[in-house]
Amino acid sequence: MRTLTFSQAIGEALIEEMHHDSNVVLIGEDIGGWGGLGGAAKGLLEKFGSDRIIDTPISESLIAGGAIGAGIAGLRAICEIGRGEFLASVVDALVNNAARVSYVTSGKMRAPIVVRSAFGTNGDRLHPHSCEALFLNSPGLKVIMPSTPYDVKGMLKSAIRDDSPVICLEHQYLYDNCKGEVPENEYFIPIGSADIKRHGRDVTVVAIGNMVYQALAAAGDMSVEGIEAEIVDLCSLAPLDKETIFTSVSKTGRLVIAHEASKTGGFGAEVCALVSEQRGIVLKAPISRVAGMDVPLPLSYPLQMMVLPGKQSIIEAIKGIMN
Amino acid sequence: MTNEDLLRIYRYMLCARFFDEKMSGQTSGWHSSLGEEASIVGTFFDLRREDWIYPHFRGAWIGYNVKGMSYKDVFVELYGRASGTGQGKGFSMPGSLDWHILPMPASALGIGFTMSTGVALALRVRGSDDVVVVNFGDGTSNRGEFHESLNFASLRKLPIVFVCQNNQYAVSTHVSKSIATPDVADRAAAYGIPGLIVDGNDVLEVHEAVQNAVSEARHGGGPSLVECKTYRIQGHFEADPEGYRTKEEIMSWREKDPILRFKSYLNECGLLSAELDKEMNGDALLEINEGLGSAKASPRVSVTREHIEANLYPSGAGGYR
């Protein structure tokens with residue numbers, strides 16, 4: 001099977017869906033010129049023309065609100081809101097409006113939009129902030145965070161065909177650094193389905209984005225010490241695959257949740273609450289959250305490295321609950 | 001414009017006034033459009049069914065009616081009844097797919113501009129010659145989305161007309177205290193589009209200006225802005241304690257009542273005798289009352305979990321094709 005980068009996999013999803021449906025358009029900044037986020041859309045302007053690859057000025061409210069209007073009027077817009085931080089400028093468009101279009105019109109009108117946004121750090125990048133927590137308290141919005149080339153292609157294709165608004169958060173370290181096998185034939189991955197990236201019996205680690213790789217690396221180290229960790233890549237934050245989480249934690253009795261965003265009010269809190277509420281799960285230890293420190297992410301490399309969670313903090317968390 | 005058209009316009013304005021009076025009497029939260037009927041009716045009269053509109057919240061339902069929706073269906077929406085689009089959910093105005101009226105899912109103003117511009121973009125991409133008319137107040141033109149939308153619509157020469165219903169007040173704030181230029185229309189030049197000022201209390205002047213702008217947009221001439229100078233007779237909402245303007249100011253504008261002015265005009269044209277006027281007033285009031293009665297008699301939605309959760313994530317057939 002061939003290997004693609006995360007960015008190439010996204011590019012394939014975009015091309016396939018644009019060929020499949022002439023109503024699919026891309027709207028955002030620097031898409032035609034630069035290929036947009038991750039360079040995934042390189043070459044698409046030449047292929048599909050400027051009526052379908054729509055470069056905009058620096059106008060995030062227009063990009064997001066415009067995508068909604070275009071969606072109501074029959075297009076399927078994939079808009080790009082460059083960086084996670086910029087998403088905060090479009091909370092009104094997405095949370096107050098896109099999330100509600102179908103609901104308030106009894107399904108007669110829809111906002112079938114996809115919002116792609118890049119976030120996350122490898123310590124050597126700007127715009128590292130995670131922002132998923134802004135959108136998890138907004139019923140009607142779907143939020144996905146695929147972490148492999150295989151997952152991102154399949155989930156993005158599903159997102160584009162979904163009539164709900166879907167925010168696809170792409171950890172930018174993965175664009176060129178993450179390679180994986182992607183089948184030649186067409187496939188879809190349903191939104192709302194988690195993926196167990198590694199099976200294990202001793203502790204469940206629920207992770208998202210680049211933390212999936214940190215968790216896998218931690219699991220490798222722990223295995224040497226005889227502790228087998230099960231790594232659950234959520235893939236989808238809203239809707240969330242509760243069943244997979246519950247099944248895994250029922251089996252292991254121990255839960256670590258890992259995300260890059262700062263801890264308080266972060267996504268990990270929701271997973272904690274869900275597991276705590278669930279009857280029939282017997283925990284052998286308290287739930288542990290591995291997350292960013294509660295500060296705005298510093299720019300300086302050594303400071304950023306201390307604030308951000310990683311393989312080591314996951315190992316410490318696992319050890320902490322293995323008694 | 002035929003004589004029939006002129007009388008249709010008069011009927012729409014009468015209905016608008018009776019509808020507004022009825023609603024003002026029903027709830028202290030009502031945002032009255034009293035005195036702004038010419039601006040609203042003139043803007044939406046005689047658009048194509050396929051043209052899209054986003055009405056200003058003040059007078060929105062009048063816009064819905066002029067676009068094609070019956071007052072019965074308007075009341076069905078207001079009462080959240082089962083046969084409507086909204087069915088009791090969401091913030092007030094659910095729009096209408098049948099009549100190409102955009103929804104207003106949330107109360108922060110601004111989304112109207114960007115959403116409408118997105119519709120215009122879709123019309124362009126799909127090769128349609130339909131047009132979008134977005135209508136808004138003076139205060140709303142201060143939102144960032146106004147500027148982002150005019151700029152983008154102008155760049156791409158999108159088929160959209162921006163109609164400002166300048167009633168001079170945004171809640172308690174007079175335009176002179178919120179807009180840095182003498183007129184809202186001045187802002188159009190900043191984006192390279194025409195900005196026209198009209199007497200917002202003269203329904204024919206409004207109508208002609210909007211129709212010209214719509215025609216221009218329809219034939220690839222790009223967007224423009226029409227500013228209708230009018231006045232808000234009532235408070236921002238019914239229970240508004242006011243105190244920020246004088247009774248003299250309000251009285252001076254009552255004398256420029258758009259319905260009285262149009263009635264005068266029709267009279268001068270020999271189209272409106274006293275008997276016909278009385279009859280038309282009666283018919284308009286009946287239309288409102290019958291609409292309300294029918295809506296109130298129509299089936300209610302079921303107050304169940306199933307109804308409450310319906311269409312949160314849409315599936316199956318739906319949306320615009």
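The values are calculated or read from the model by the stated rules, or taken from the named source; none is laboratory data. Here the structure is a predicted model, which is why all the values come from computation and not from measurement. Positions of Cβ are generated from backbone atoms using ideal geometry, with glycine treated the same way; all protein chains shown enter the neighbour counts. When the accessible area is computed, the model is the full protein with side chains, heavy atoms only, and any ligands, DNA or RNA have been set aside. Shrake-Rupley method; radii C 1.70, N 1.55, O 1.52, S 1.80 Å.
Here are some notes:
- Whenever a residue of region B:152-180 is more than 24 Å from residue B:245 (Cβ to Cβ), its partners that are among the basic types (Lys, Arg), lying with C-beta atoms within less than 8 angstrom and at least six residues away or across chains, give the pairs B:156/B:124; B:158/B:124; B:159/B:124; B:159/B:218.
- Region A:211-233: number of residues that are out of contact with any Ser or Thr (no Cβ under 7 Å at 6 or more places or on another chain) and open to solvent by less than 10 Å² (accessible area, probe 1.4 Å): 7
- Residue satisfying all of: in region A:297-320; without any contact (Cβ under 8 Å) to a residue 60 or more places away in the chain and part of a loop (DSSP other than H, G, I, E, B); least open to solvent (accessible area, probe 1.4 Å) among these: A:298
- For region B:255-273, a residue qualifies if it is open to solvent by less than 80 Å² (accessible area, probe 1.4 Å) and either touching a Pro at 6+ places or on another chain (Cβ under 7 Å) or free of Cβ contacts under 8 Å to residues at least 12 places away in the same chain (or both), and the qualifying residues are B:264, B:270, B:273.
- Test: residue in region B:78-88 that is within 7 Å of chain A (Cβ to nearest Cβ), assigned to a loop (DSSP other than H, G, I, E, B) and free of Cβ contacts under 8 Å to residues at least 12 places away in the same chain: yes
- Of all residues making up region B:284-316, the number that are open to solvent by 60 Å² or more (accessible area, probe 1.4 Å), out of contact with any Cys (no Cβ under 9 Å at 6 or more places or on another chain) and either more than 9 Å from chain A (Cβ to nearest Cβ) or farther than 30 Å from residue B:50 by Cβ (or both): 13
- Where a residue in region B:101-120 is outside any loop (DSSP other than H, G, I, E, B) and aromatic (Phe, Trp, Tyr) and its partner, wherever it lies, is modelled with pLDDT of 95 or more and crowded, with 24+ Cβ neighbours inside 10 Å, with Cβ under 6 Å and at least six apart: B:113/B:145; B:113/B:146; B:113/B:149
- Scanning region A:3-35 for residues that are touching a strand residue (DSSP E or B) at 6+ places or on another chain (Cβ under 6 Å), farther than 20 Å from residue A:187 by Cα and open to solvent by less than 20 Å² (accessible area, probe 1.4 Å), we see that the one that is nearest to the other protein chains (Cβ to nearest Cβ) is A:25.
- Of the residues making up region A:39-59, not one is touching a residue at least 24 places away in the same chain (Cβ under 8 Å), surrounded by fewer than 17 Cβ atoms within 10 Å (Cβ to Cβ), over 26 Å from residue B:144 (Cα atoms) and within 14 Å of chain B (Cβ to nearest Cβ).
- Verdict on residue B:120 being more than 28 Å from residue B:321 (Cβ to Cβ), modelled with pLDDT of 95 or more and in contact with a Leu (Cβ under 9 Å, 6 or more places away or on another chain): no
- Members of region A:74-115 that are modelled with pLDDT of 95 or more, in contact with a strand residue (DSSP E or B) (Cβ under 7 Å, 6 or more places away or on another chain) and outside any helix (DSSP H, G or I): A:75, A:76, A:77, A:78, A:79, A:80, A:81, A:112, A:113, A:114, A:115
- Matching residues in region A:202-237 - criterion: being over 17 Å from residue A:155 (Cα atoms) and of a type outside the set (A, V, I, L, M, F, W, C): A:202, A:204, A:213, A:214, A:220, A:221, A:223, A:225, A:226, A:228, A:230
- Of the helices (runs of 4 or more DSSP H) contained entirely in region A:129-232, those carrying at least 1 residues that are in contact with a Phe, Trp or Tyr (Cβ under 7 Å, 6 or more places away or on another chain) fall at A:149-161, A:174-177.
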